[in-house]
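Chemist: I have a structure I would like to understand better, so I am pasting it below and will then ask my questions one at a time.
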Amino acid sequence: MSLELYSYWRSSASYRVRIALNLKALPYIYHGVDLVHAGGDQWKPEYRAINPQARVPTLVHDGQRFTQSLAIIEYLDEMHHQPALLPRDPEARARVRMLSHIIACDIQPLQNTSTTRYLKETLKLDDAAIAGWLREWITRGLDAYNAHLEHDHLSGKFSHGDTPTMADCCLVPQMFAAERFGVDPTRYPRLALIWENCNRMSAFAAAHPAKQTDAR
C-alpha cells in the first residue's frame, strides 16, 4: 500500500487529514504544496494534473487520487476500520458528521487563502476589514459547535465521547486557526479542553503545522 499526501503546512483541510492518517498509524509520503509563494504552486500545470481544483489536500493511494478532506477521512475510515473515526451507530455517526461539517463546510471556506485573497485583491478590503471578516465567521461557527456540545451532553474527553473522531480532526485545526486569526479560544472552555486533550496525543501533535517539512 502506497499513500502520498499533497499538503500545505498551514492548511486546515490538510491538517485534518494528517491527523486522521496519524490516528490510523498509516505511513505516507508528504509533498508540500506552497499556496502562497509566487501566486501559489497549486496553480501550476503539474499540480492541476493531480488535482484539477487546485486545492489541498490530495491523497494518492496506489495511484488513485482523492480530494476533499472529509471524503478522504471517510475513505481512510472505511479502508482501515480501527481506530474508528466515525461511530457505527447511525445517530452518533450523523452527529459526528454534523459537527465536522460545521467546521469544514461553514467556517473554513470563509477563511481560506483563496477567499481572503479575493477579499483583498478584488474587493479591495484592507487588512482590518479582512481580520473582522475572519473573526465574524469563525466566531459564528464555533458558537454553533459549542452550543451543540452544551445542549446534547454527548461529548466527553473529545467532541463525541472519550475517543477522537472525525469531528476532532476538524476541531483541532479550527482552534489553531481561531487563535491565529484573533479569536480567543478560552471563550469556549469546553472546546479548549477538548483541544488540549487532543494535543496531548502524539497523532495530533505530529500533525501540527509547525512540525511539517514545509513549515516556515
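Chemist: Tell me, yes or no, whether region 30-41 has at least one residue that is aromatic (Phe, Trp, Tyr), surrounded by fewer than 19 Cβ atoms within 10 Å (Cβ to Cβ) and either out of contact with any Gly (no Cβ under 7 Å at 6 or more places or on another chain) or assigned to a strand (DSSP E or B) (or both).
Modeler: Within region 30-41 (the criterion being aromatic (Phe, Trp, Tyr), surrounded by fewer than 19 Cβ atoms within 10 Å (Cβ to Cβ) and either out of contact with any Gly (no Cβ under 7 Å at 6 or more places or on another chain) or assigned to a strand (DSSP E or B) (or both)), the answer is yes, since at least one residue qualifies.
Chemist: Within region 184-209, restricting attention to residues that are closer than 24 Å to TRP137 by Cα and over 17 Å from the mean Cα position of the chain (by Cα), which residue is most open to solvent (accessible area, probe 1.4 Å)?
Modeler: My answer is ARG187.
Chemist: Give region 72-81 a look and list any residue that's out of contact with any Lys or Arg (no Cβ under 8 Å at 6 or more places or on another chain) and either closer than 17 Å to PRO173 by Cα or assigned to a loop (DSSP other than H, G, I, E, B) (or both), or say none.
Modeler: ILE72, HIS81
Chemist: Take VAL172 and decide whether it is in a loop (DSSP other than H, G, I, E, B), among the β-branched types (Val, Ile, Thr) and surrounded by 14 or more Cβ atoms within 10 Å (Cβ to Cβ).
Modeler: no
Chemist: Let me ask something else. Would you confirm, using the coordinates I've provided, whether ARG65 is assigned to a strand (DSSP E or B), without any contact (Cβ under 8 Å) to a residue 24 or more places away in the chain and either out of contact with any helix residue (DSSP H, G or I) (no Cβ under 9 Å at 6 or more places or on another chain) or charged (D, E, K, R) (or both)?
Modeler: Taking the combined requirement at face value, the residue satisfies it.
Chemist: State the number of residues belonging to region 83-107 that are within 17 Å of ARG16 (Cα to Cα) and part of a loop (DSSP other than H, G, I, E, B).
Modeler: 4
Chemist: Kindly indicate which of GLU136, GLU150 is open to solvent by 40 Å² or more (accessible area, probe 1.4 Å), touching a residue at least 40 places away in the same chain (Cβ under 8 Å), over 18 Å from ILE19 (Cβ atoms) and part of a helix (DSSP H, G or I).
Modeler: Residue meeting the stated conditions: GLU150.
Chemist: For region 1-27, which residues satisfy the criterion of being part of a loop (DSSP other than H, G, I, E, B) and either touching an Asp or Glu at 6+ places or on another chain (Cβ under 6 Å) or of a type in the set (A, V, I, L, M, F, W, C) (or both)?
Modeler: If the condition is that a residue be part of a loop (DSSP other than H, G, I, E, B) and either touching an Asp or Glu at 6+ places or on another chain (Cβ under 6 Å) or of a type in the set (A, V, I, L, M, F, W, C) (or both), then MET1, SER2, TRP9, ALA25, LEU26 are the ones that fit.
Chemist: Something else: Kindly check whether there is at least one residue in region 103-116 that is under 24 Å from GLN42 (Cα atoms) and of a type in the set (Gly, Ala, Ser).
Modeler: Yes, there is a match, as at least one residue in region 103-116 is under 24 Å from GLN42 (Cα atoms) and of a type in the set (Gly, Ala, Ser).
Chemist: Go through region 117-131 and report how many residues are charged (D, E, K, R), outside any loop (DSSP other than H, G, I, E, B) and open to solvent by 70 Å² or more (accessible area, probe 1.4 Å).
Modeler: 3
Chemist: Return yes or no: is ASP143 at pLDDT 95 or above and closer than 27 Å to HIS80 by Cα?
Modeler: No, not satisfied.
Chemist: Can you tell me which residues in region 175-216 are of a type outside the set (Val, Ile, Thr), under 20 Å from LYS157 (Cβ atoms) and at pLDDT below 95?
Modeler: PRO185
Chemist: As an exercise: evaluate ALA84 against (1) out of contact with any Gly (no Cβ under 9 Å at 6 or more places or on another chain); (2) open to solvent by less than 40 Å² (accessible area, probe 1.4 Å); (3) small (Gly, Ala, Ser) and give the number of the one condition it does not meet.
Modeler: Result: ALA84 fails condition (2) only.
The values are calculated or read from the model by the stated rules, or taken from the named source; none is laboratory data. This structure is a prediction, so every number in the text was calculated from the model and none was measured. Neighbour counts are summed over all protein chains in view; Cβ atoms, including those assigned to glycine, are modelled from backbone coordinates with ideal geometry. Calculation scope for accessible area: heavy atoms of the full protein, side chains included, ligands and nucleic acids excluded. Shrake-Rupley method; radii C 1.70, N 1.55, O 1.52, S 1.80 Å.
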